[in-house]
Amino acid sequence: MRRALLQCHNVGAVCLRARRWRTGIYLGLLLTVVSVAPAVAKEQSARVIRYPEMGSEVDQRNDYFVQMLKLALGKTRGSEGDFQLEPVALNVPQGRILRMLSVGDQVDVLWSMTSRERERYLRPVRIPLTKGLTGYRLLIIRQMDADEFSDIQTAEQLAEQTAGQEEDWPDTQILRHNRLPVTTSGYLALFTMLHRERIDYIPRAMVEPWAELARRPELNLVVAPNLLLHYPSASYFFVQQDNEALAARLERGLEKALADGSFDRLFYGYSGHQIMFHRSNVHQRRILRLENPLLPEKTPLDRKALWWHPDDHDSETLGAEASGTVNGLQ
């Protein structure tokens with residue numbers, strides 16, 4: 001009897017230890033699930049937003065727009081949730097990327113110059129990302145032609161020269177509308193064409209030519225002295241036509257950035273803009289004004305705070321004083 005009771009006691013102890021062991025495993029699993037769940041939920045709550053990665057070591061034109069995208073989304077993180085930007089490498093013409101965006105293929109947002117056609121099949125966020133700088137164009141020319149371009153006084157005289165553009169850039173149509181001859185090719189090929197005298201100049205947004213020339217010193221190209229083309233224009237964020245939620249979030253974020261000054265701190269503090277304001281000498285340039293037949297009627301031209309004008313500010317001083325840290329980019 002005593003031996004039976006002892007065996008029963010031993011069995012009970014083993015069973016108790018087994019129950020405790022199983023309970024420990026269950027508790028451990030439960031604690032693991034509880035500790036992992038917030039991280040999983042946080043990761044799942046982050047909205048993935050895809051944008052085209054069109055830059056390269058020799059093409060940094062899009063850095064500013066990526067920073068502005070981060071700024072706008074960061075301003076609405078508290079109310080709209082976290083986000084995760086996902087660059088998508090696309091080595092295709094801009095026109096094709098626009099068509100991809102229109103059907104939600106690989107990209108969710110793109111920045112580009114606006115036009116009536118683009119606003120018909122895409123949804124614009126009507127806040128000019130570069131304050132209208134897109135419409136101010138410096139001319140990249142051959143160094144040996146500098147004196148010839150210095151003598152140009154009118155658009156009619158400029159029409160004796162041939163511009164180089166990409167076919168699907170909106171300003172190609174603008175130049176042709178103003179009876180300025182245009183030859184089209186791929187972006188990178190344009191500089192070689194200019195060097196080989198197949199075209200005479202490349203109109204570039206004010207922020208663009210300085211870095212482009214610095215990367216191609218062997219071509220002996222310069223910015224034409226004294227001249228500046230201008231037509232009213234705006235570069236916006238565009239999303240798919242039915243993606244109202246993302247468009248609204250971007251608009252709210254940009255409006256907040258405008259209100260608290262972080263938009264202007266990025267605009268004037270961006271290194272490419274500082275170089276532009278320092279080197280372009282806009283006040284000393286002859287402005288040739290062109291018509292823009294592509295400009296949509298809803299362009300917010302009456303909101304002066306959204307636009308930059310050569311006579312409005314001492315842009316060089318503003319650029320030098322701009323903060324290096326922009327709210328919303330952390």
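Give me the helices (runs of 4 or more DSSP H) completely within segment 220-312, filtered to those with at least 1 residues that are among the acidic types (Asp, Glu), ordered by residue number. Walk me through it before giving the result.
Values: elements: 244-260, 262-269, 271-279.
Fully inside segment 220-312 and qualifying: 244-260, 262-269.
Among the residues of segment 203-215, is any more than 23 Å from the chain's Cα centre (by Cα) and not basic (Lys, Arg)? Reasoning before the result, please.
Applying the first criterion (more than 23 Å from the chain's Cα centre (by Cα)) to segment 203-215 yields none.
No, segment 203-215 contains no residue that is more than 23 Å from the chain's Cα centre (by Cα) and not basic (Lys, Arg).
Test THR184 against the criterion of being surrounded by 14 or more Cβ atoms within 10 Å (Cβ to Cβ), touching a His at 6+ places or on another chain (Cβ under 9 Å) and β-branched (Val, Ile, Thr), and give yes or no.
Against the criterion (surrounded by 14 or more Cβ atoms within 10 Å (Cβ to Cβ), touching a His at 6+ places or on another chain (Cβ under 9 Å) and β-branched (Val, Ile, Thr)), THR184 does not qualify.
Here are some conditions: (1) touching a residue at least 24 places away in the same chain (Cβ under 8 Å); (2) in contact with a helix residue (DSSP H, G or I) (Cβ under 8 Å, 6 or more places away or on another chain); (3) not in a helix (DSSP H, G or I). GLU197 meets all but one. Which one does it not meet?
Evaluating GLU197 over (1) touching a residue at least 24 places away in the same chain (Cβ under 8 Å); (2) in contact with a helix residue (DSSP H, G or I) (Cβ under 8 Å, 6 or more places away or on another chain); (3) not in a helix (DSSP H, G or I) leaves (2) as the failure.
Counting only residues that are on the phi < 0 side of the Ramachandran plot, open to solvent by 10 Å² or more (accessible area, probe 1.4 Å) and part of a loop (DSSP other than H, G, I, E, B), how many does segment 63-114 have?
Count: 8.
For segment 266-289, how many residues meet the condition of being open to solvent by 60 Å² or more (accessible area, probe 1.4 Å) and either over 20 Å from ALA214 (Cβ atoms) or in contact with a helix residue (DSSP H, G or I) (Cβ under 7 Å, 6 or more places away or on another chain) (or both)?
Number satisfying all stated conditions: 8.
In segment 142-181, which residue that is of a type in the set (A, V, I, L, M, F, W, C) and under 26 Å from the mean Cα position of the chain (by Cα) is most open to solvent (accessible area, probe 1.4 Å)? Break it down stepwise before answering.
First pass over segment 142-181, keeping only residues of a type in the set (A, V, I, L, M, F, W, C): 144, 146, 149, 152, 155, 158-159, 163, 169, 174-175, 180.
Cutting the leftovers down to under 26 Å from the mean Cα position of the chain (by Cα) gives us 163, 169, 174-175.
Details: ALA163: 0, TRP169: 24, ILE174: 1, LEU175: 4 Å².
This residue is TRP169.
Check off (1) surrounded by fewer than 16 Cβ atoms within 10 Å (Cβ to Cβ); (2) without any contact (Cβ under 8 Å) to a residue 40 or more places away in the chain; (3) closer than 14 Å to ILE141 by Cα for ARG216 and give me the number that stays unchecked.
It fails just one condition, (1).
Which residues, taken from segment 120-140, are open to solvent by 30 Å² or more (accessible area, probe 1.4 Å) and part of a helix (DSSP H, G or I)?
Once the filter is applied, which keeps residues that are open to solvent by 30 Å² or more (accessible area, probe 1.4 Å) and part of a helix (DSSP H, G or I), segment 120-140 yields ARG120, TYR121.
Would you point out the residue of segment 302-324, among those that are surrounded by 14 or more Cβ atoms within 10 Å (Cβ to Cβ) and modelled with pLDDT under 95, that is nearest to ARG120 (Cα to Cα)? If you could, list the steps in order and put the result at the bottom.
Initially, segment 302-324 is screened for residues surrounded by 14 or more Cβ atoms within 10 Å (Cβ to Cβ), giving 306-308, 310, 313, 315-316, 318-319, 322.
When the remaining residues are screened for being modelled with pLDDT under 95, the result is 308, 310, 313, 315-316, 318-319, 322.
Numbers: TRP308: 26, PRO310: 31, HIS313: 34, SER315: 34, GLU316: 37, LEU318: 36, GLY319: 36, ALA322: 37 Å.
Ranking the candidates gives TRP308 first.
What pairs can you find where one residue is in segment 172-189 and in a strand (DSSP E or B) and of a type in the set (D, E, K, R), the other is open to solvent by 40 Å² or more (accessible area, probe 1.4 Å) and modelled with pLDDT under 95, and their Cβ atoms are less than 7 Å apart, with a gap of 6+ or different chains?
Here the result reads none, with nothing in segment 172-189 linked to a residue that is open to solvent by 40 Å² or more (accessible area, probe 1.4 Å) and modelled with pLDDT under 95.
The values are calculated or read from the model by the stated rules, or taken from the named source; none is laboratory data. Only a predicted model underlies this, so the values are computations on that prediction, with no experimental measurement involved. Every residue, glycine among them, receives a Cβ derived from its backbone with ideal geometry; neighbour counts consider all protein chains shown. What goes into the accessible areas is simple: the full protein's heavy atoms, side chains included, and nothing from ligands, DNA or RNA. Shrake-Rupley method; radii C 1.70, N 1.55, O 1.52, S 1.80 Å.
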